[in-house]
Each structure stands twice: as structure tokens, then as C-alpha cells.
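Data block below; observations after.
Values in this text are rule-based calculations from the coordinates and carry no lab data. Every value quoted in this text rests on a predicted model; they were computed, and no experiment measured them. Note that each Cβ is placed from the backbone with ideal geometry, even for glycine, and that neighbours are counted across all protein chains shown.
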Amino acid sequence: MVYAKPERRSWAEPFKIKVVEPLKTTSPQQRQQAIREAGYNTFLLRSDDVYIDLLTDSGTNAMSDYQWAGMMLGDEAYAGSKNFYYLEANMRRFYGYRYLVPTHQGRGAEHIISQLLIKSGDCVPGNMYFTTTREHQERAGGSFVDVIIDEAHDPESLHPFKGNVDLQKLADLINKVGAKKIPYICVAATVNMAGGQPISMENLRAVRKLAEQHGIRVILDATRAVENAYFIKLREQGYAGKSVAEILKELCSYTDGATMSGKKDLLVNIGGFLALNDEKLYDEARNMVVVFEGLHTYGGLAGRDMEAMARGMEEMVNEDYLRARIGQVEYLGSKLLDWEIPIVEPIGGHAVFLNAKKILEHIPQEQYPAQALAAEIYLDSGVRTMERGIVSAGRDAATGDQHRPSLELVRVTIPRRVYTQAHMDVTAESILAVYENRKKVRGLKMTYEPKYLRFFQARFEKIPASSRPEHPAGARLETEPR
Ligand SMILES: *Cc1c(COP(=O)(O)O)cnc(C)c1O
């Protein structure tokens, strides 16, 4: 018998399935109606109309039996819940910061740190913007300044650490505006908007050094810091022999605090925190959390939610889990690459990012190609993805003009421990089907634009096949009042 021996042995998820949630399939007619009613915005679809939900990895994780068992140990005391103290102990153990302020999710922490540190007219440099992070920085009177390396804006660059800060850009900014105008440097690990790209330890160490010379704080967006630590282990010299847990702690040691969305790395459905080392700042944060989230020992969470997060921290650093997690994203991305579908490379940690600018090169950015592509994938199969391009980038707070990001992407985001390899196959084949018919895809016109974080609730219509733009592309929206 002749058989083809596999080049290498297969891997499998390091868990088995104990509870199942049935999936629903829909007809093309149902999907047509659903996406039209949703204004061609996948955020406005009902999840009941979705087959495989790859909108986000936020809060969509499957918890383990260990976490579910912990939920039954929720201490729902208003003050001093034992689950809080366990979460605090585990945060110190895995992240190494001194003080913990729980929040309902990541943006609760972003709100507090922004209000406490940013004054009107300040600049907050960061390795590419994140939607909610920048919104809170601007609300506090600051302006975000992108100091990520140029490679991050190039979907085809194979740089292994596209999340790195460009130290020259950072130094130039400090020289230009002065350290007094920079309350902190906001460093994300991994960088979501760049395609789930990691920052290297060497780079963060250098950022720390520069910041220290000028007396500027470094605040980490630790949302996917574990996944970043795993990439450091794989790619950075000197780290192959270290555990991910050790790498994570070293990463955090170069920063003064962190905002955290527990809905990602921590393998839960809700939760977040602010972590700090400075006692005085912690006192202020602990005071402010009472106003916006809840008492400082629950911060908007139930005791059981804090227990699930604390247990999630113990599971997130398990390297068999991380291999399967990152491996699944890699599996999906490699399939698309084999079919020569343009995606962001290297393949990121939490998602495969389709290069909509290249796939739909006949659609100008002002007609929202990534938004149109996400709608088209849903129409094909009921797989839900998300726009990460001009719609997500929003408008300049000062001028009202649309930001024009060079990355115009569709994020195909993989929830943790939820879907199987077969789901990845179905997804890849749907993307291929849309890719093959890409010339027929038409652009969109925005018919409703919310004031804040517009991508969540904006509505669109398909531009009819026959119509030609009356104005140069983009002119109409640009002159509309905000
Ligand atoms: C999700 C996310 C946030 C915000 O967290 P929420 O829990 O959604 O409020 C902040 N930063 C990054 C990088 C994220 O991915």
C-alpha cells in the first residue's frame, strides 16, 4: 500500500468537550435579510442568525470545568469578597504588579487611568491605537500619537515583532512636546490593530530605559500579554528555554501598571482590571472606581466572575493550551496563504486579518472595502467577522476628518477553546468562495454614523451597481457635519 506520510505529526487541542452548544444554520435568503436589517454591519447582526461567530475573541471564550466549579464558590459579599483576594494574589503571582483594582472590563480600567493621568493638551504615545483606549485618552483631553514601527502598517512585512515601538519616533516626540506633556507611554502586547503582532522584550526594555530617562510612566495594555509572551518564547533569542509565565512577568516588570480586559487572555466571559505599582496612584484609582464601577473589592463584577478570572490566570500560561490556541490561528491563516489569499503576515495571535484593500482593490477606501468584505463572508456562509479599517479608525477628534489607516482589514477572530479544526476548514472555504467572486463585490455608503466608536453601530447601504460617484471619492462624507 502506498501512503503519503505526513511531514510532521499533527497536534490536537489539549482538552475534550463536556458541554455542547448547538449551532444554527441559515439559508442564503435569511442571511440576505439579516445583513440588510443589520445595515451591513456585522456588529448589528443577531447572534441567532450567525453560524460560526468569529467577530471577536472578547468574552467569547469557553471556560474550563475548573473555572465553572469556581463560579459556585462566588462570595457575593458587597465588601471584601474572598474571590477578590484570590484574584489579587494571582494577579501578583502572574503579572507581578503590587495593586489591583477590578473593573467590569478593559475599558473601565482605561477610563480610570486616563482620567487620573491625562491632562488637557497632553500627548499619549502608543504602539498603534486601539479603539476604546484612544477614545478614553481623548475624552480625558489627550491626543494619541502613533509611535509603532513602520513595518506594522505594512501587511506584507514579515518582521517578527511588528508590535515594536519605534524608539526614534518616541524620542522625537519627547523632544518636540517635552516630557511634561507625556503622562505615560501606552504599550500594547500584542497589538490588536496591527494584526495581533507581538512586541519584543528587547524593545520594551529599551522603551523602559528611554521613559525612565525622562521620568515618564509606561502603562501596558496587557489584554493579550500572555499570547505576546508565547511569541517571545518562539521568536526572541534567549527565551526558548524560559517558561511563558516567567516571560510574562519579565514583560510586566518593565512597566508601571496595566489595563486589562479579562475577556481575552483570562479565558472568561466578563471582567477586567487596572494594576498599578505606585501606591498614591492606586489610592486615587481605588477611590475613582467606586464612582464608576463599584467598590474596590468588586469593581462591577460578581464574586464568581473574579473567581473565574483568577482561575483563568492559572490556565492561560499552560503552554499546551497556548500551542493549540496560537496553532489554531496559524492553521486557518496557513490555509488561506496556501490559496494565495492576501492576509497580514506574520499570522497573529488571536486572529487572521484579511487584507481587504488588496482583495477588493476595485473598491476605494471611502466605500469601506473591509466592511463590505465582512458582510460578503456572512452572506456566503453565516460566518461572522469584523471590519478593522477606515470605519474602526473613526475621525480625527480635532478636525473631524476621517482617519485613513493604511491597514484596511477584516479580522477573522478565533475565540479561545470554542471551535474545532473543522470549523476552521468551513471558514477558510467560505473566505475562498468570496475571494473567487471578489470582482462582483460592491462598496458601501454609510447612512448612519454614531459619534463615538462608530464601527459598533454605524449603518450602511450597498452602492447600486449602476451608480457612478458624483463627487471625487470620499468628498461627500468629508464635508458632512460630525
Ligand atoms: C478588547 C480590548 C480592550 C478593551 O477591553 P474591553 O474588555 O472590551 O473593554 C483594550 N485593548 C485591547 C487591545 C483590546 O483588545
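Applying a threshold of 9 Å to beta carbon distances and a minimum spacing of six or more residues, or different chains, the list of pairs starting in the stretch 41-59 at a residue that is under 20 Å from L267 (Cβ atoms) and ending at one that is within 16 Å of the ligand (Cβ to nearest atom) and assigned to a helix (DSSP H, G or I) reads L55/F43; S58/G106.
For A240, the stated conditions hold: it is farther than 30 Å from I359 by Cα, away from the ligand (no atom under 16 Å from the Cβ), among the hydrophobic types (A, V, I, L, M, F, W, C) and part of a loop (DSSP other than H, G, I, E, B).
The selection criterion, being of a type outside the set (A, V, I, L, M, F, W, C), out of contact with any His (no Cβ under 9 Å at 6 or more places or on another chain), within 16 Å of the ligand (Cβ to nearest atom) and closer than 16 Å to E319 by Cα, holds for D265.
Among the residues of the stretch 92-112, just one is more than 16 Å from the ligand (Cβ to nearest atom), in a helix (DSSP H, G or I) and surrounded by 17 or more Cβ atoms within 10 Å (Cβ to Cβ), namely F94. Among the residues making up the stretch 365-423, those that are hydroxyl-bearing (S, T, Y) and either crowded, with 24+ Cβ neighbours inside 10 Å or not in a helix (DSSP H, G or I) (or both) are Y368, Y378, T385, S392, T399, S406, T413, Y419, T420. Condition first: away from the ligand (no atom under 14 Å from the Cβ), under 17 Å from C186 (Cα atoms) and free of Cβ contacts under 8 Å to residues at least 60 places away in the same chain. Now tell me which residues in the stretch 140-151 satisfy that. Within the stretch 140-151, A140, G141, G142, V145, D146, V147, I149 meet the criteria. Considering only residues of the stretch 42-74 that are within 16 Å of the ligand (Cβ to nearest atom) and of a type in the set (G, A, S), which is nearest to K18 (Cα to Cα)? This residue is G59. Residues in the stretch 116-137 that are in contact with a strand residue (DSSP E or B) (Cβ under 7 Å, 6 or more places away or on another chain) and in a helix (DSSP H, G or I): 4 in all. Taking the stretch 113-139 as the range and being in contact (Cβ under 8 Å) with a residue 60 or more places away in the chain, more than 10 Å from the ligand (Cβ to nearest atom), in contact with a helix residue (DSSP H, G or I) (Cβ under 6 Å, 6 or more places away or on another chain) and closer than 25 Å to K162 by Cβ as the test, the residues that pass are V124, P125. Of the set (1) assigned to a helix (DSSP H, G or I); (2) touching a residue at least 60 places away in the same chain (Cβ under 8 Å), all apply to E429 but (2). All of (1) surrounded by 24 or more Cβ atoms within 10 Å (Cβ to Cβ); (2) in a helix (DSSP H, G or I); (3) more than 12 Å from the ligand (Cβ to nearest atom); (4) of a type outside the set (G, A, S) hold for E227 with one exception: (3).
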